[in-house]
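First comes the structure, then the notes that go with it.
The values are calculated or read from the model by the stated rules, or taken from the named source; none is laboratory data. Small disclaimer: the values here were computed from a predicted structure and weren't measured. For neighbour counting, all protein chains shown are included, and Cβ atoms are generated from backbone atoms with ideal geometry for every residue, glycine included.
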Amino acid sequence: MPTYRSHVLVCGGTGCVSSGSLKLQENLKAELVKKKLDKEILVVQTGCHGMCEAGPIVVVYPEGTFYTRVQPEDAAEIVEEHLFKGRVVKRLLHREEVTAEAVAHYNELPFYSKQHRITLKNCGYINPDNIDEYIGRDGYQGLAKALLEMTPDDVINEIKASGLRGRGGGGFPTGMKWEFCKKSVSDKKYTICNADEGDPGAFMDRSLLEGDPHCVLEGMAIGAYAMGADEGYIYCRAEYPLAIKRLKAAIAQAESYGLLGKNIMGTNFSFELHVKEGAGAFVCGEETALMASIEGERGMPRPRPPFPANKGLWGKPSNINNVETWGNVPQIIFNGGAWYAALGTEKSKGTKVFALTGKVKNTGLVEVPMGTTIREVVFDIGGGIIDDKKFKAVQIGGPSGGCLTEEHLDLPISYESLTAAGAIMGSGGLVVVDEETCMVDLAKFFLEFTQAESCGKCVPCREGTKKMLDILTRITEGNGKPGDIEKLEYLGTQVKEASLCGLGQTAPNPVLTTIRYFRDEYEAHINDKKCPAGACLALTNYVIDPGKCIGCTKCARICPVGAITGEIKKPHVIDTEKCVKCGACAEACPVKAIARR
Amino acid sequence: MKITSLEDLRKIKASATDQTSARSEGKTRIIIGLGTCGIAAGARAVMEAVLEELGKRGLKDVSVEGTGCIGMCQQEPLLDVIRPGEPRITYGRVTVQDVPRIVTEHLVNGRIVEDRLIGRAD
């Protein structure tokens, strides 16, 4: 076996692949061959590093040099300068957003140094297509410990001791859920992994499946042993082709090692795992709809009880956990529940992965211990708001969650604190919103999503979200009526209480929380016909600032409807009656004198 | 191959840890000057010899890095050894023949090879 003096890790997550990392890998390999370095330097494809907006990401070991935004044509320079001559390519180093200084090393970046990576410990470090690398990082040791040294009850007690709670959003204690399923008597049981991640802006589960698929397989095998199941399904949406490909490869490798399949590790425990591709309906993330979909039925929820632990897939006791929950299990068993419980708050233990997106400088995948404040996530790790605009709110938990404002910045993140503030932990989407985002419009965006994804089985969700969306649409178009806010509150509460499944029960949350914290914005839309953020097209007009305008006539020439008039070198004006609000003038203006108000 | 015991799993783990050892930090570092001056003086051959010697001796906890010119071109090829917690030792005019001696004496036995020593820095 050759000893490679250097490993060049190239991110192969979906984000970096879309910005060209596959071509980059090819070029790197070709350049290494050209320089006759291919026997001493290894190019490795890894999973997501989390800093997706700065991709493609390349890390060169042993130095740990961190390159970002590396283009395929940069391969030659990296090979020639760094790998052949040993000189760091300064041009490609990551520039810290806050200080604009180049940072050479992975662990010196605030984005990483302030995170605490447990679930994501292998993401971006190992080659997800190579089971040996996973084993090299203590992989399958948890399963070995469970099978060879622990009884199923021991395993459940360890999970209970860890305090692990459902990471899909519900936050139900995992150990208890397992115990219910274990106590159910049946000849056949199933474990299921919910990988139907569908929230707009959420990509935690995808990244974990792509970057470290084995941790999910191992977690599911441990769970199956504890609950007495011998078959499992991973329900993954078909929009995640790379995740599905890596999962299938990982299952095949684990089977060839005897870590899945019959008589695992020589014991009499057997566990067979399948991947089921979902067609992309949001409601199929709801557990009963998900199971119906696996069975080949239409993906619609049904009332509970009976709970899946008693009557689940094909009427047999089943346990459903989310990707991140399963991913935590191997390390909890290997290191012990107490180790995990040492992190986090009193009632929310361990870490949580968030997909940080929106108007924040460092978007990407962030794992922090429970109890970390929103300020730390948005400003320390996220680097603050783009263009240093004013922070307005974060939408946490996607379309099922709610918004939190400046007053919540120092709120420690936990299941309880978020629920108390009117939001939910959710699966981990964290969308940052700045002063230029209209909260009514934001609520409308999320409701448009849930309304379209409503399966239509129960009336409150089907009709209620439709009516709510109608009202929101009319408010943003300047046709809001007095009493609309109260109507939204009434309808929202009804939909929440009367809907059959989690989709309807949480769909009004974005509307209700934005009303709670930004009622004045709703009132301004309805009463003054104004959008304070300047985002709602119908309520704003393009105006030229006469102080800034230099009279270059560019805007008048580009306007498609001839709404702009004025003399050369004198301030121009827009006729708001004629204006179609296309925005061409604002884009063309060389001095940024045109704004929407 | 089927894994049927903890022993099997540990064996794969050990070999995988070796394969990925270049990615771990906090090890003995060998740094070789690979500027134009170094390469002209034969640094590439020295580096290849180092890799070969490390492989032969099964030394996995050593990282081999390249660096640019540090200005002492007449002394190239330059080879630095940094053992954790010890000063940085610089050897000059290192030849392929010197490599096994440096690896054996310095890396394995912890004794500096005085006749090639040109500097030490804390």
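In table form, for the structure just shown:
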read-out	value
Residues located in segment A:294-307, provided they are without any contact (Cβ under 8 Å) to a residue 24 or more places away in the chain and either of a type outside the set (D, E, K, R) or surrounded by 19 or more Cβ atoms within 10 Å (Cβ to Cβ) (or both)	A:Gly296, A:Pro305, A:Pro306
Enumeration of residues in segment A:123-172 that are in contact with a strand residue (DSSP E or B) (Cβ under 8 Å, 6 or more places away or on another chain) and within 14 Å of chain B (Cβ to nearest Cβ)	A:Cys123, A:Gly124, A:Tyr125, A:Ile126, A:Asn127, A:Pro128, A:Asp129
From the options A:Asp74, A:Asp38, residue that is more than 28 Å from the chain's Cα centre (by Cα) and without any contact (Cβ under 8 Å) to a residue 40 or more places away in the chain	A:Asp38
Residues of segment A:580-597 that turn out to be in contact with a strand residue (DSSP E or B) (Cβ under 6 Å, 6 or more places away or on another chain) and modelled with pLDDT of 90 or more, as a count	4
Residue count for segment A:119-141, restricted to those that are part of a helix (DSSP H, G or I) and either crowded, with 24+ Cβ neighbours inside 10 Å or without any contact (Cβ under 8 Å) to a residue 24 or more places away in the chain (or both)	6
Strands (runs of 3 or more DSSP E) contained entirely in segment A:1-100, each with at least 1 residues that are surrounded by fewer than 16 Cβ atoms within 10 Å (Cβ to Cβ), touching a Leu at 6+ places or on another chain (Cβ under 7 Å) and within 14 Å of another protein chain (Cβ to nearest Cβ)	none
Looking only at segment B:20-29, and only at residues there that are within 7 Å of chain A (Cβ to nearest Cβ) and either among the polar types (S, T, N, Q) or in a loop (DSSP other than H, G, I, E, B) (or both), the one that is surrounded by the most Cβ atoms within 10 Å (Cβ to Cβ)	B:Thr20
Cross-chain or 6+ apart pairs with Cβ under 6 Å, segment B:59-70 first and over 12 Å from A:Glu81 (Cα atoms) and within 8 Å of chain A (Cβ to nearest Cβ), then modelled with pLDDT under 85 and surrounded by fewer than 18 Cβ atoms within 10 Å (Cβ to Cβ)	B:Lys60/B:Asp18; B:Ser63/B:Lys27
Among the residues listed as B:Ala14, B:Ala22, the single one being small (Gly, Ala, Ser), at pLDDT 85 or above, out of contact with any Asp or Glu (no Cβ under 9 Å at 6 or more places or on another chain) and farther than 20 Å from B:Gly71 by Cβ	B:Ala14
Counted residues, segment A:418-451 - those being more than 20 Å from the chain's Cα centre (by Cα), free of Cβ contacts under 8 Å to residues at least 60 places away in the same chain and either buried (at least 21 other Cβ atoms within 10 Å of the Cβ) or closer than 28 Å to A:Thr540 by Cβ (or both)	2
Candidate set: segment A:498-538, residues that are part of a loop (DSSP other than H, G, I, E, B) and within 18 Å of A:Glu406 (Cβ to Cβ); chosen: the one nearest to the chain's Cα centre (by Cα)	A:Ala533
Residues (polar (S, T, N, Q) and in contact (Cβ under 8 Å) with a residue 40 or more places away in the chain) located in segment A:335-378	A:Thr345, A:Ser348, A:Thr351, A:Thr357, A:Asn362, A:Thr363, A:Thr372, A:Thr373
Criterion: out of contact with any Gly (no Cβ under 6 Å at 6 or more places or on another chain), modelled with pLDDT of 95 or more and over 30 Å from A:Pro308 (Cα atoms) - qualifying residue of A:Asp470, A:Asp545	A:Asp470
Qualifying residues in segment A:452-473 (those that are without any contact (Cβ under 8 Å) to a residue 12 or more places away in the chain and of a type in the set (Gly, Ala, Ser)) - the one farthest from A:Glu406 (Cα to Cα)	A:Gly456
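Yes/no matrix, rows are residues, columns are (1) more than 7 Å from chain A (Cβ to nearest Cβ); (2) buried (at least 18 other Cβ atoms within 10 Å of the Cβ); (3) part of a helix (DSSP H, G or I):
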site: B:Ile3; (1), (2), (3): no, yes, no
site: B:Glu7; (1), (2), (3): yes, no, yes
site: B:Lys11; (1), (2), (3): yes, no, yes
site: B:Ile31; (1), (2), (3): yes, yes, no
site: B:Gly38; (1), (2), (3): yes, yes, yes
